[in-house]
1. Based on this model, can you work out whether I596 counts as touching a Leu at 6+ places or on another chain (Cβ under 6 Å), buried (at least 22 other Cβ atoms within 10 Å of the Cβ) and β-branched (V, I, T)?
2. Failed condition for V93, given (1) assigned to a helix (DSSP H, G or I); (2) in contact with a strand residue (DSSP E or B) (Cβ under 9 Å, 6 or more places away or on another chain), with all others met?
3. Name the residues in region 501-546 that are part of a strand (DSSP E or B) and among the basic types (K, R), would you?
4. Determine whether I637 is more than 41 Å from the chain's Cα centre (by Cα), assigned to a strand (DSSP E or B) and either under 24 Å from D522 (Cα atoms) or free of Cβ contacts under 8 Å to residues at least 60 places away in the same chain (or both).
5. Can you tell me which of L398, L338, L379 is over 18 Å from V303 (Cβ atoms) and in contact with a helix residue (DSSP H, G or I) (Cβ under 8 Å, 6 or more places away or on another chain)?
6. Go through region 516-527 and give me each residue that's hydrophobic (A, V, I, L, M, F, W, C) and touching a Leu at 6+ places or on another chain (Cβ under 7 Å).
7. Out of the residues in region 516-564 that are polar (S, T, N, Q) and under 25 Å from R614 (Cβ atoms), which is surrounded by the fewest Cβ atoms within 10 Å (Cβ to Cβ)?
8. Considering every residue within region 156-171, establish whether at least one is modelled with pLDDT under 80 and either acidic (D, E) or assigned to a helix (DSSP H, G or I) (or both).
Amino acid sequence: MNITRSGNTFATLNRRARIYWFIVVMLGAITAVAAAPSLRGQEPVKVIILAAIAVAVAGFKIRLPGIPGTLSLNYVIILVALLTCNLGTGMLVALAGTLGQCLIHAKDKPRWFQVLFSVSGIALPVLAANTALHARVVEQADPTGCVSLLAAALAYFLINTISVAGIISLSTATNFFQVWTTSYLWTSPQYLVGGAIAWVVNFFDHRFGFAAVLIAFPPLYLLYRSYTTYLGRIQEHQDHLAEMAALHLRTIETLALAIDAKDDTTAAHLRRVQIYASEIGKELKLPPLELQALNAAALLHDVGKLAVPEYIISKPGRLTPEEFEKMKVHPVVGAEILARVNFPYPVVPIVRSHHEKFDGTGYPDGLAGNQIPIGARILSAVDCLDALASDRQYRQALPLDEAMAIVAEQSGKAFDPQVIAVLLKKHRELEQLAKAQAGEEVKLSTNVRVERGLAPATGFAAPSDYETSDLNQESGFGRSIDSARQEIQLLTELMTDLGNSLSLDDTLALLASRLQAAVAHDAIALYLINGDKLIPRFVQGESSRLFSSLEIPIGQGLSGWVAENNKPIVNANPVVETGYLHDATRVTSLRSAIAIPLHSEDRMVAVLTLYSLRREAFNADHNRVLLAIAPKTAHAIKNALSFERALNEPIHTR
């Protein structure tokens with residue numbers, strides 16, 4: 001058994017691996033030196049021939065899947081040397097074969113410390129094989145020597161594979177038993193077959209002389225070819241599994257990109273959460289399948305937001321109770337979406353439970369403590385930490401340590417104490433790792449104006465009567481009468497409905513849906529006046545993420561102009577809304593806009609702006625409709641804002 005070259009140097013081995021290396025090398029060297037005197041009295045020609053054969057057979061290497069190592073068949077020649085000669089000869093043959101494997105037959109030359117470990121370490125399994133071969137109990141029970149030789153082969157296998165698995169386990173910080181069972185245990189039958197070949201060679205050696213050792217080559221080559229063919233098929237299967245795993249990962253990343261299309265703040269956040277969560281999972285020694293589930297859930301935990309109205313996701317402020325009820329649906333919907341993927345690891349429970357709290361006050365199921373999947377407990381803490389430490393539309397990012405302190409205050413309440421303990425210890429280290437591994441973000445072309453395409457396959461909707469300026473006289477009167485009747489009905493219904501809800505967002509969502517019938521538009525925004533700025537309170541439609549993130553100074557942009565001059569504007573250019581940012585990357589594909597000021601009791605409270613993808617999309621009739629609903633809309637907005645402030649103010653008692 002040989003360790004091939006890897007990217008590590010001796011200095012990069014951890015302390016336990018270096019200590020283990022030193023112990024094996026010293027014990028192997030002592031064993032080899034102690035066996036050397038027994039070479040006296042042996043036939044030099046026979047020893048040289050055996051050593052030469054071992055070097056040649058060392059070329060029959062089998063690359064082991066999953067680890068940086070190879071398996072040679074020269075152990076058969078070692079067993080032959082132990083049978084036909086003694087321990088000293090077997091030791092010399094083993095050293096020669098190992099050197100041949102490391103220095104002559106190795107495609108990638110191992111490093112010096114790997115060569116020294118392999119050469120010194122081979123002495124220990126040779127000693128174990130010789131001890132088992134000449135054990136008195138076995139010899140007395142098996143006069144043919146067959147059982148003792150199989151015992152020697154098994155002893156050689158155990159000591160050799162255990163010593164190599166030990167250094168791999170320590171240097172890669174992986175479980176020893178997992179390394180040994182996965183990479184070496186399945187090779188044990190080969191050693192027994194090799195032991196049988198050695199017994200046959202020894203039998204012919206006693207009958208026909210040492211030249212009979214040549215009969216070992218055909219079965220050894222057959223054994224080598226059978227194993228390489230078998231391992232080749234295993235490798236093909238593993239390559240196929242790797243391709244499927246890569247496809248699976250790309251599917252997950254594509255779903256994550258779909259979330260990003262819904263929520264523009266999510267892409268970088270998802271990647272950072274994945275890095276944090278994965279490292280904490282490793283620290284808590286989660287099983288491999290749970291780690292894979294956690295990695296996938298970190299990217300997909302917000303996929304259920306596809307079912308949440310965009311104005312709630314993009315809202316630059318606190319949610320109302322009604323909005324929070326809609327937001328609480330996303331873990332359930334996300335779990336239902338991902339349940340159809342049929343993941344080979346438990347992603348769905350993590351996604352469903354990532355808003356549960358350790359004290360049982362979370363949602364959707366009110367789970368507590370260890371009832372919550374460990375992946376969900378990790379994800380919820382990491383998600384909260386990164387949200388606090390990242391910029392949001394309604395606040396700037398907190399310093400990492402300050403965010404960590406806020407999260408730590410919820411240990412035992414919202415979050416699992418063992419997860420918080422790891423975060424407290426490693427959050428700075430994890431932050432550096434997240435920055436180092438941050439890849440290039442994929443930006444979707446949501447604001448691109450597509451010029452080609454004359455009309456949809458089903459044709460355009462009939463143009464609004466308000467937009468028709470060249471009606472012929474015969475049909476114009478009928479259309480005008482019909483338009484007037486629809487307008488009166490719309491205004492009547494709108495005036496009635498606006499007073500039915502004290503929820504501002506519900507009021508504005510209703511307004512947007514009603515207005516679409518009278519004033520066709522591709523986006524709508526309501527900007528509340530807050531000091532010397534316009535703050536977006538409701539945005540829906542094309543470029544909604546862009547406009548939701550703006551804080552327009554009074555006098556800037558078309559909506560700021562309306563607020564400053566207290567006048568409506570028709571067919572203004574929406575590009576000027578973001579012009580004050582001086583950022584060429586933040587440009588909308590919208591091409592015209594109409595905006596009106598909203599007054600309540602002689603005070604302007606907001607600006608209502610409709611946008612269209614078409615140029616010159618609005619006219620005087622649209623302006624008249626909007627001015628007609630402006631007083632009632634402004635009054636409803638003022639009442640809803642007053643009600644909202646009353647809900648948020650603390651109640652003082654005497």
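1. yes
2. Answer for V93: the failing condition is (2).
3. K533, R537
4. Working: more than 41 Å from the chain's Cα centre (by Cα): yes; assigned to a strand (DSSP E or B): no; either under 24 Å from D522 (Cα atoms) or free of Cβ contacts under 8 Å to residues at least 60 places away in the same chain (or both): yes.
Considered against the rule, which asks whether it is more than 41 Å from the chain's Cα centre (by Cα), assigned to a strand (DSSP E or B) and either under 24 Å from D522 (Cα atoms) or free of Cβ contacts under 8 Å to residues at least 60 places away in the same chain (or both), I637 comes out as no.
5. Numbers: L338 fails: over 18 Å from V303 (Cβ atoms); L379 fails: over 18 Å from V303 (Cβ atoms).
On inspection, the qualifying residue turns out to be L398.
6. The initial filter retains those residues of region 516-527 that are hydrophobic (A, V, I, L, M, F, W, C), namely 517-520, 523-526.
Hits for region 516-527 are A517, A518, V519, A523, I524, L526.
7. Across region 516-564, the extreme among qualifying residues is Q516.
8. No, the conditions are met nowhere in region 156-171.
The values are calculated or read from the model by the stated rules, or taken from the named source; none is laboratory data. Quick caveat: nothing in here was measured; it's all calculated off a predicted structure. Note: ideal-geometry Cβ built from the backbone for every residue, glycine included; neighbour counts use all protein chains shown.
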